[in-house]
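Some notes on the structure that comes next.
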Amino acid sequence: MTAKPFIMLSNSDGCFRVPLAKIMYCTSYNSSTVFHTIGDHKPIVIAKPIIYYENLLLPYGFVRIHYSTLLNIDYMCHTSKGEDINELTLTTGEKLIISRPRRTAVMLELKRRSVE
């Protein structure tokens, strides 16, 4: 049986073993990172900058969509582009902003992962 990849997150509330497949996205908050997970868990706040987790999670299907947001591409449902905004919708219905400079990287990651 192959072990599923996970990350250990530790903060003042305790230590959390979080499967990578359960992380929808991470956001930057001051110099901390907030992990938004699927299920009934409240967001987990870790006192490390988002760049630390970006470097760690990129090989596992995460992509930086905004200076403050790191997305697990498996939770992206669709993108829309307006005149002033670039937006994506998650499988949960949540909407996130894609910064214009990062849109190309997001689309390349989608193309790389798609079956043609």
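The values are calculated or read from the model by the stated rules, or taken from the named source; none is laboratory data. Computed from a predicted model, the values in this text were never measured in an experiment. FYI the Cβ positions are ideal-geometry reconstructions off the backbone, even for glycines, and counts take in every protein chain you see. Calculation scope for accessible area: heavy atoms of the full protein, side chains included, ligands and nucleic acids excluded. Shrake-Rupley method; radii C 1.70, N 1.55, O 1.52, S 1.80 Å.
Numerical summary
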item	result
Sole residue being farther than 24 Å from Ile7 by Cα and among the acidic types (Asp, Glu), chosen from Glu87, Glu94, Glu54	Glu87
Candidate set from region 44-95 (those that are acidic (Asp, Glu) and farther than 26 Å from Asn30 by Cβ); member that is modelled with the highest pLDDT	Asp74
Test: Cys15 is open to solvent by 20 Å² or more (accessible area, probe 1.4 Å), in contact with a Leu (Cβ under 8 Å, 6 or more places away or on another chain) and not hydroxyl-bearing (Ser, Thr, Tyr)	yes
Residue check, Leu71 under 30 Å from Ser10 (Cα atoms) and in contact with a strand residue (DSSP E or B) (Cβ under 6 Å, 6 or more places away or on another chain)	yes
Any chance Thr27 is of a type in the set (Val, Ile, Thr) and either surrounded by 15 or more Cβ atoms within 10 Å (Cβ to Cβ) or free of Cβ contacts under 8 Å to residues at least 40 places away in the same chain (or both)	yes
